[in-house]
Amino acid sequence: MPSRFAACLAFAALLPFAAGAHDYTTGKMKVLHPWTDPVPAGTASAPLRLRIVEIQADDRLLAAETPVAARIEVIPAAGDSEPGIALVNGRDLKLGDEGPRLRLHGINTQLFFGREYPLNLHFAKAGMVEAGLIISDPE
Amino acid sequence: MQHSFKPNVFRVAVTAAFGVAAAVAATSVSAQTRDQGRYVVGDFHNHTTCSDGQISVQKLVNKSVDTYGLDWFILAGHGGGGTRNCTLADDETVFTPSSNPFVPGQGPSTTWADSIGIGRVKGDRAAEGYMFRWQSTQEFEYPLLEAMAEAKQKPIFIGLESVVAGHEHSDTAVIAGQLPASGRGNADPGAQWEYCFDRADTDLSRGADNQWDCTVPGGARNEFLDARGRKLTGAQDSGTLGHLKTVEGVRWLQAKYPTSSYYIPAHLERAGVFNPAGSNGFNIEHLRNFNNAGPTVAFGFEGGPGHQASSNRSYGAGATGGGTYGGAGYYTGKLGGVWDALLGEGRNWWIFNNSDYHSRGSFGPDDVRSTSDQYPGEFNRSHVLAKTGGKPLTPQAVVDGMRSGNAYYVNGDLIDRLAFVACRATGGNDRDIKLAQAAVLRAATLNEGFADSRCAQQGEKLVINAGEDVVIFAALRDPEGANLSPYTIPNPSLLQVGINQPLNMPVLDHVDLISGLVTGYISPDSPLYAGAAPGGVGGAQDSPNATNPSTAVRATFSAANWSATPGGYKLITLRAPKVKASQYIRLRGSNIPAAVPNETDAAGNPLVDTLANNITVTPDAVACADPTAAAANVNCLTHLPVQGAGRRLDVDVEAFTDLWFYSNPIYVEVRGGTVVAGVK
């Protein structure tokens, strides 16, 4: 195993994270805990946070959709001219409030704490991943 | 203080009603001197806001044991920890013991910092207000459960859904110390296990004042313990090293709590096959390793995962097998697959199901509909034989019952009674058979086990001479009336084949008797020991090492060839002549006949549940056009995904369409043949 790859693995293993029911595994990655805050119907915009770990192949997150928002904006990293957000083999990706991120726009229902709604994530190579958007707080 | 609990009154009433028949059967067939035990229903995989659930401990317990009538309840919750105080009642209507009164303005999503105060939070992340599970278990959740157990007079105690080093999740518990016969108990051993072996528990404080040390008696990895935390951590939490850590955790349980703990991998297909560089699923070699390291602790897996009301009935496309099969994981649902391979070794490896309750998805916790989970006891129900010697039910009796393998699991109350027995038949004549049938039916009627030295039941082995006949009996009840489905529409799966049956009134269609040969344990050194079973995902096929090709449906019983008796009981009898090889037999049954499109194949095997999305449900357009009526009439099914002019079958409605039950096996060991080594 190349030493650089081994170093990445060791680093990933050291990262603490909570694994729960909101993990979605494909053959090449694991999507952890997509969530947003409890907000009232009509909220113009809110962050959609998640993490993607154990990435085993380069890919790009191109789009996302949920029935509780008119649209989800996919914001690439600064300087990234390709569409979507880059996933790099062996490197965990955190989508939060800054940097590459997802934002819900046009929230059409009150998002109560603890509820969960469908969320589809579209990747260039992995295709669509059916996940859930939980109304929660960080785990 | 008494922490053991009275059986319900059902036994007394039925004994009186069937007293004459029982006396005949008892004197003619069986001495009936042993404690036959009684089947009790429970759940050991569920969540509150202490991990990633939606409601408090109190509300979850109330729903489970009051609304859905469970006889026993084991609170789980993920390892690791969290910031929320799940011991705060949701509102003033939720029953809570006097030890934990409702606090206006606070609830289960209130943080520990805002409730008990950050100064009482311990461990390495105390400054963040993050409480590790070991602390919440030890100091907050267990004491509350003890008070709930006392109030409800049922065994209500605590376990864990561990975030597993090297894998995804497992259900585990140490019951030693919990609900003692007198005085106050504790959950200290389980809390220590969580600190020592859970991948998500990154605390290195040694449990603060506990000052735990995670050395494993006879362990193989003690030299790698972290100097400060005295536990395996960091790189030892992932991949192959992570698996070795988990084997150490099983070894710890076996050494310290061999009869008062369990370790049962949960939804073990969900994260795909094992990943030596990550934390994904379990392959057969990992299950074999667990059973070898802890034969009285690691004795099974969650054959029926929870989350059955979620999209595609629990699993995503990344799961082995590409999804669930009639609600069962691929390892259980695939005939001749991983479970049958383990049984083919003669291992004590049993299956259970659970709710994995977190929330009701897009609905509130008191809505009858769900796009995520059903409550414990609402849909998935594990029936476990508990022997109490006539005394009240205890946690030990529940765990002993789980370990015995005398258990079966059911979806949607498809059946609620089962007596499954295999008997030596040497010299047996028709009269003997009839008497035995009566005795088995009596056992089912009383919801009891079956004690006869000439017979074996689930989890046991019947030892015979080569060439003897074996007679197999099963008595089961398809309960009359409605189940807990809130929907009364015609079952959309059955409508495809012209059967009009309300979704809340399922009828048992058939029962399959399945058998497979036992060929003995495989050595860890053998090339046959390891192998993945991806179930075709990504085009990858199952290793033959994770299969048992001798497994087959030997007989199918339905209204055409079972004996129906009043009250919904079905009686099955099959004589297996001149048995020459050691083997196991097990049952499964369904409300879905063979060859129903998108549900079953021509042989009656369940198909992957994603196919149910192909079935269109047309709701009552008139009722749904009126918003008021729509709110009251759940049959509008407006939560199903739109597809064309109708909606596609999914979430909780899909769960209630195809219902299954699975028994655990009875082994038949032929003298001079292969020994069924996993069952003593």
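The values are calculated or read from the model by the stated rules, or taken from the named source; none is laboratory data. Source: prediction; values computed, not measured. In this analysis, Cβ positions are derived from the backbone assuming ideal geometry, glycine residues included, and neighbour counts consider all displayed protein chains.
Could you list, ordered by first residue, the pairs with Cβ atoms under 6 Å in which the first is in region B:544-562 and under 12 Å from B:D509 (Cα atoms) and the second is modelled with pLDDT under 95 and of a type in the set (D, E), at least 6 apart or interchain?
Final answer for the pair search is none.
For residues that are of a type outside the set (A, V, I, L, M, F, W, C) and either assigned to a strand (DSSP E or B) or more than 10 Å from every other protein chain (Cβ to nearest Cβ) (or both), tally how many sit in region A:126-139. Write out each step before concluding.
At the first step, the residues of region A:126-139 found to be of a type outside the set (A, V, I, L, M, F, W, C) are A:127, A:130, A:132, A:136-139.
Add one more test, that the residue is either assigned to a strand (DSSP E or B) or more than 10 Å from every other protein chain (Cβ to nearest Cβ) (or both), and what stays is A:127, A:130, A:132.
Residues that pass the stated criteria total 3.
Kindly indicate which of B:W350, B:W339 is surrounded by 24 or more Cβ atoms within 10 Å (Cβ to Cβ) and closer than 22 Å to B:A173 by Cα.
None of the others qualify; the one that does is B:W350.
Quick check on region B:483-502: of everything there that is among the aliphatic types (A, V, I, L, M) and at pLDDT 95 or above, which residue is surrounded by the fewest Cβ atoms within 10 Å (Cβ to Cβ)?
Quick first cut of region B:483-502, residues among the aliphatic types (A, V, I, L, M) only: B:484, B:489, B:494-495, B:497, B:499.
Filter once more, so that each one left must be at pLDDT 95 or above: B:484, B:494-495, B:497, B:499.
Values: B:L484: 17, B:L494: 22, B:L495: 18, B:V497: 12, B:I499: 16.
Once the filter is applied, the top-ranked residue is B:V497.
When you scan region B:87-121, how many residues do you find that are over 30 Å from the mean Cα position of the chain (by Cα) and within 14 Å of chain A (Cβ to nearest Cβ)?
Within region B:87-121, residues that are over 30 Å from the mean Cα position of the chain (by Cα) and within 14 Å of chain A (Cβ to nearest Cβ) number 7.
Please count how many residues of region A:80-111 are of a type in the set (A, V, I, L, M, F, W, C) and within 11 Å of chain B (Cβ to nearest Cβ).
Matching residues across region A:80-111 total 1.
Mind checking whether some residue in region B:68-86 is without any contact (Cβ under 8 Å) to a residue 40 or more places away in the chain and within 14 Å of another protein chain (Cβ to nearest Cβ)? Break it down into steps so the answer makes sense when it comes.
Initially, region B:68-86 is screened for residues without any contact (Cβ under 8 Å) to a residue 40 or more places away in the chain, giving B:84.
Still in the list and also within 14 Å of another protein chain (Cβ to nearest Cβ): B:84.
Scanning region B:68-86 turns up at least one residue that is without any contact (Cβ under 8 Å) to a residue 40 or more places away in the chain and within 14 Å of another protein chain (Cβ to nearest Cβ).
For every residue, the table says whether it meets (1) in contact with a Phe, Trp or Tyr (Cβ under 7 Å, 6 or more places away or on another chain); (2) without any contact (Cβ under 8 Å) to a residue 60 or more places away in the chain; (3) within 14 Å of chain A (Cβ to nearest Cβ); (4) of a type in the set (D, E, K, R).
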{"site": "B:R369", "(1), (2), (3), (4)": "yes, no, yes, yes"}
{"site": "B:G377", "(1), (2), (3), (4)": "yes, no, no, no"}
{"site": "B:L385", "(1), (2), (3), (4)": "yes, no, no, no"}
{"site": "B:I433", "(1), (2), (3), (4)": "no, no, no, no"}
{"site": "B:F450", "(1), (2), (3), (4)": "no, no, no, no"}
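Residue under question is B:K231, and the condition is that it be more than 14 Å from every other protein chain (Cβ to nearest Cβ), basic (K, R) and either surrounded by fewer than 23 Cβ atoms within 10 Å (Cβ to Cβ) or in a loop (DSSP other than H, G, I, E, B) (or both); does it hold?
no
Would you mention how many residues in region B:267-304 are in a strand (DSSP E or B) and within 14 Å of chain A (Cβ to nearest Cβ)? Give the steps one after another, and end with the answer.
Within region B:267-304, the subset in a strand (DSSP E or B) is B:280, B:300-304.
Checking which are within 14 Å of chain A (Cβ to nearest Cβ) leaves us with B:280, B:302.
Qualifying residue count for the region: 2.
Has region B:305-318 got any residue that is surrounded by fewer than 23 Cβ atoms within 10 Å (Cβ to Cβ) and more than 12 Å from every other protein chain (Cβ to nearest Cβ)?
No, region B:305-318 contains no residue that is surrounded by fewer than 23 Cβ atoms within 10 Å (Cβ to Cβ) and more than 12 Å from every other protein chain (Cβ to nearest Cβ).
Consider region B:90-114. How many of its residues are under 18 Å from B:I158 (Cβ atoms) and part of a loop (DSSP other than H, G, I, E, B)? Reasoning before the result, please.
Here is the first cut: in region B:90-114, the ones under 18 Å from B:I158 (Cβ atoms) are B:96-97, B:99-100, B:108, B:112.
Filter again for part of a loop (DSSP other than H, G, I, E, B), leaving B:96-97, B:99-100, B:108.
Total satisfying the criteria: 5.
Confirm whether B:V250 is crowded, with 23+ Cβ neighbours inside 10 Å, assigned to a helix (DSSP H, G or I) and either of a type in the set (A, V, I, L, M, F, W, C) or away from chain A (no Cβ under 14 Å) (or both). Explain how you work it out, then say what you get.
Details: crowded, with 23+ Cβ neighbours inside 10 Å: yes; assigned to a helix (DSSP H, G or I): yes; either of a type in the set (A, V, I, L, M, F, W, C) or away from chain A (no Cβ under 14 Å) (or both): yes.
Taking the combined requirement at face value, the residue satisfies it.
Identify all residues within region A:112-125 that are facing chain B (nearest Cβ under 10 Å) and more than 14 Å from the chain's Cα centre (by Cα); write none if there are none.
Across region A:112-125, the qualifying residues are A:F112, A:F113, A:G114, A:R115, A:E116, A:Y117.
Might you let me know whether region B:158-175 holds any residue that is over 27 Å from the mean Cα position of the chain (by Cα) and either away from chain A (no Cβ under 14 Å) or surrounded by fewer than 24 Cβ atoms within 10 Å (Cβ to Cβ) (or both)?
Within region B:158-175 (the criterion being over 27 Å from the mean Cα position of the chain (by Cα) and either away from chain A (no Cβ under 14 Å) or surrounded by fewer than 24 Cβ atoms within 10 Å (Cβ to Cβ) (or both)), the answer is no, since none of the residues qualifies.
Only residues that are under 19 Å from B:E139 (Cβ atoms) and more than 12 Å from chain A (Cβ to nearest Cβ): list them for region B:44-59, please.
Those that are under 19 Å from B:E139 (Cβ atoms) and more than 12 Å from chain A (Cβ to nearest Cβ): B:V57, B:Q58.
Just to confirm my filter: which strands (runs of 3 or more DSSP E) fall fully inside region B:562-680 and include at least 1 residues that are over 27 Å from the mean Cα position of the chain (by Cα) and modelled with pLDDT of 95 or more? Can you show your working first?
Details: elements: B:563-565, B:569-579, B:583-590, B:646-648, B:660-663, B:666-670.
Those strands (runs of 3 or more DSSP E) span B:563-565, B:569-579, B:666-670.
Name the residue, out of B:S362, B:S404, that is within 14 Å of chain A (Cβ to nearest Cβ) and farther than 22 Å from B:E168 by Cβ.
B:S362
Which members of region A:53-74 meet the condition of being closer than 19 Å to A:H33 by Cα and in a strand (DSSP E or B)?
A:V53, A:R60, A:L61, A:L62, A:A63, A:A64, A:E65, A:A69, A:I72, A:E73, A:V74
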